[in-house]
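As structure tokens, the structure follows; a few thoughts come after it.
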Amino acid sequence: MAIPSDRRYSESHEWFRVEGNIVTVGITKHATDELTDITYVEMNPVGTDVSPGGAVGEVESVKTTAEVFSVVGGTIREVNETLGGDPSILNEDPYDAGWLLKLEVDDASALDGLMDDKAYEQLHG
Amino acid sequence: MSSTTETGPRNTPFEKLHERFGGQMVDYAGWNLPLRFGSVIEEHRAVRASGGLFDVSHMGRLRFMGPDACRFLDRVCTRQIHGMSEGQCRYSLVCNEQGGCRDDVLVYRMESESYLMVCNAANRDKLIAHFAEHSPDFDVSIDDQTLATAMCAIQGPRVMDLIGGVSREIPALKRFRFTIKDLMVIKVIVSRTGYTGEDGVEVILDAKMATPALEMFLKDFGENDSMVRPCGLAARDTLRLEAAMPLYGHELTEDIDPLSAGLGFAVKLDKGVEHPEVGGFIGQQALQEVADRGPARRLVGLLPEGRRSPRQHMQVLDGDRVVGEVTSGCLSPTLDRPIAMAYVDVACCSPDTSLQIDLGRAKVPATTCELPFYKRP
């Protein structure tokens, strides 16, 4: 699965895509492969304020439970509800249909220091 | 020693097979093993519905030989080894003096004065040291055959039918019996045992012959190949958890005794009484004391509400009071609901007791239940 070039990647395998003042957050294919079959997704509710580097939710698989973090701070404006009914979407399509949440941010510059697709692919391709 | 810290994890004799089927490899107890080949849940369901093949070459295989082999094994095993007939396997614990579990093992009675023990990979070096410490008074030689051999498990309701196509003897084996087969020029030990809750076999053979034997085996299945699919460690874990089989490091540790774990069937507390030539076993006195006063906690099943899976070390609560600790948990692919095993105070461990599990982000109600969660039909 190709790693999209329109976003940034953290060392803890989250991806961040900026559109204006909205940042969409997800986890990478490498992360979903490591987790194995995802069985449950729970993000913090819409309206929650997230501090930079703070936890935004949890993803569970048959094997383990993992916290998801956001490098950038903001307010949760939308959560991908379809994952509640079918968490396996996250395994199948982590970069598109498997997005986790959307944050409204004042300043997305914290993302500038993250890896681009090429750097991430070199590490975990 | 099997230390591989400088060279990285050791490959098993089935490494080419893992590569061929695209296994996602992980380091498990110093061995390079497939976590999964595709979806874990699909592998799990394949084993429940038809069949799965697991590489379990990482398990330790120790051979005991000599006039005192039986007497020595009776010293270190909680189960009685004396009286086992050739071709029989027995599940046993190896305990410390305090009655805690050093490991859980399967003992095979081979020809006279010869036994084979299959132990957990992570405990192999520890057990070898333990046996060396306790064997000087016995005329027994202990040979670690782990690296010279390979082992795989073929498990599922269709497996015996499929094996029936190549052998009439194997499907006629009773549970916990084995036979030694000459498959062309390859000598293999086939036992009707497993760790999935399904019928099936475990196969031990020469390491060099592992890949050719399996290719022959799979070829013989012909068009039925898909009836047995390769499975990884992750499915092995969810399968054994549904079947409530203990996993060392989770349900069993050096601090947990087998009686609390519900493994009383494998502890012969009166060993040496009926047959005085059989001595007592290490930990016998401590376990007799546990039996006399009764365990403080017992291993129980927990059925949590909702979809979240409890994990090892999460606390079990009765209101504000901590009454137990989760040892294993997952979303059961067969039951399509979360399940967990936990040690719970005996006061709260009768079936249908309402408790809670602290999942970190929330506390969820959970009801105790009898084990196992799954029994094959």
The stretch B:227-232 - phi-based ³J(HN,Hα) in whole Hz, Karplus 6.51/-1.76/1.60, Gly and Pro as x | 5, 10, 10, x, 10, x
What nm value, rounded to one decimal, do you get for the distance between B:Asp255 and B:Thr211 when each label is placed 7 Å out toward the C-beta?
-> 4.4
At most 11 other Cβ atoms within 10 Å and a DSSP loop assignment: could you name the GluC sites (Glu not before Pro) in the stretch B:64-115 that fit?
-> B:Glu97, B:Glu111
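Give me the extension gain from B:His134 to B:Ala49: residue separation times 0.36 nm, minus the current Cα-Cα distance, reported in nm with one decimal.
Working it through step by step, the gained length comes to 26.1 nm.
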For the stretch B:134-238, which GluC sites (Glu not before Pro) are both in a DSSP coil and crowded by at most 12 other Cβ atoms within 10 Å?
-> B:Glu169
Output field shielding_mean for B:331-339 (other chain Cβ, 10 Å radius) holds 2
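Give me the compactness ratio for chain B, meaning the Cα radius of gyration over 2.2 N^0.38 Å. Write out the running numbers ahead of the final one.
Working: Rg = 20.9 Å, N = 377, 2.2 N^0.38 = 21.0 Å.
Here the answer is 1.00, to two decimals.
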At q = 0.19, 0.25 Å⁻¹, what is the log10 ratio I(q)/I(0) for the stretch B:239-333, with the Debye formula run over Cα points and no solvent?
-> -0.98, -1.38
Given 4 °C and 1.567 mPa s, how large is the Stokes-Einstein diffusion coefficient of the stretch B:1-133 in µm²/s, with Rh as the Kirkwood radius over Cα pairs?
-> 77
Once the piece of chain linking A:Glu19 and A:Thr82 is laid out straight, how much longer is it, given 0.36 nm per residue of separation minus the C-alpha distance between them?
-> 20.5 nm
Diffing the stretch A:90-97: the Karplus 3J(HN,Hα) column from phi (6.51, -1.76, 1.60, θ = phi - 60°), in whole Hz with x for Gly and Pro, holds 5, 6, 7, 9, x, 8, 10, 5
Whole-percent pair-distance distribution, where bins are 5 Å wide, for the alpha carbons of the stretch B:296-369 | 4, 20, 34, 27, 12, 3, 0
For the stretch B:141-218, divide the Cα radius of gyration by the Kirkwood radius and give the resulting Rg/Rh value with two decimals.
-> 0.96
Report, as a whole number in µm² per second, the diffusion coefficient that Stokes-Einstein gives for the stretch B:278-324 at 25 °C and 0.890 mPa s using the Kirkwood radius over alpha carbon pairs.
-> 174
Run a plain Debye calculation on the stretch B:75-121 (Cα atoms as equal point scatterers, no solvent) and give log10 I(q)/I(0) at q = 0.17, 0.24, 0.33 Å⁻¹, rounded to two decimals, same order as the q list.
-> -0.47, -0.84, -1.26
Cβ charges +1 (Lys, Arg) and -1 (Asp, Glu), total dipole of the protein assembly as shown, debye = 1560
What longest range of chain A stays clear of loop-exposed GluC sites (Glu not before Pro) (DSSP non-H/G/I/E/B, at most 14 other C-beta within 10 angstrom)?
-> A:12-80
Chain lengthening between B:Arg168 and B:Arg321 when straightened (0.36 nm per residue, less Cα-Cα) | 49.4 nm
Extent along principal axes [Cα atoms of the stretch A:8-107; Å; largest to smallest] | 36, 26, 21
Rounded to two decimals, the Rg over Rh value of the protein assembly as shown from Cα coordinates and the Kirkwood Rh reads 1.01
Under the helix-only model (-39500 (n - 2.57) for each DSSP H run of 4 or more, divided by the residues of chain A), the mean residue ellipticity at 222 nm, to 500 deg cm²/dmol, is -4000 deg cm²/dmol
With x for Gly and Pro, the residue-by-residue ³J(HN,Hα) of the stretch B:157-174, computed from phi through the Karplus equation 6.51 cos²θ - 1.76 cosθ + 1.60 at θ = phi - 60° and given in whole Hz, is x, 8, 4, 5, 4, 5, 5, x, x, 10, 8, 8, 6, 5, x, 8, 5, 7
Tell me, what is the FRET efficiency for A:Ala55 and B:Phe265 to the nearest 0.05, using R0 = 41 angstrom and their Cβ-Cβ distance as r?
-> 0.40
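Are there GluC sites (Glu not before Pro) in the stretch B:294-377 that DSSP marks as loop and that have at most 15 other Cβ atoms within 10 Å, and which are they?
B:Glu305, B:Glu370
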Between B:Arg337 and B:Phe21, the FRET efficiency computed from the C-beta separation at R0 = 30 Å comes out, to the nearest 0.05, as 0.50
Ellipticity estimate at 222 nm from DSSP helix runs (n ≥ 4, -39,500 (n - 2.57)) divided over chain B, nearest 500 | -5500 deg cm²/dmol
Per principal axis, largest first, the Cα atoms of the stretch B:99-171 extend in Å by 47, 28, 26
Apply 1/(1 + (r/R0)^6) to the Cβ-Cβ distance of A:Asp107 and A:Glu67, taking R0 = 41 Å, and write down the FRET efficiency to the nearest 0.05.
-> 0.95
With a/c under 1.5 counting as rounded, go ahead and sort the stretch A:53-125 into rounded, prolate or oblate using the C-alpha gyration tensor (a ≥ b ≥ c being the square roots of the eigenvalues; past the cut-off, prolate if a/b is larger than b/c, else oblate).
-> oblate
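None of the figures in this text is laboratory data; all of them are computed from the coordinates on show. Since this is a predicted model, take the numbers as computed values, not measurements. Note that each Cβ is placed from the backbone with ideal geometry, even for glycine, and that neighbours are counted across all protein chains shown.
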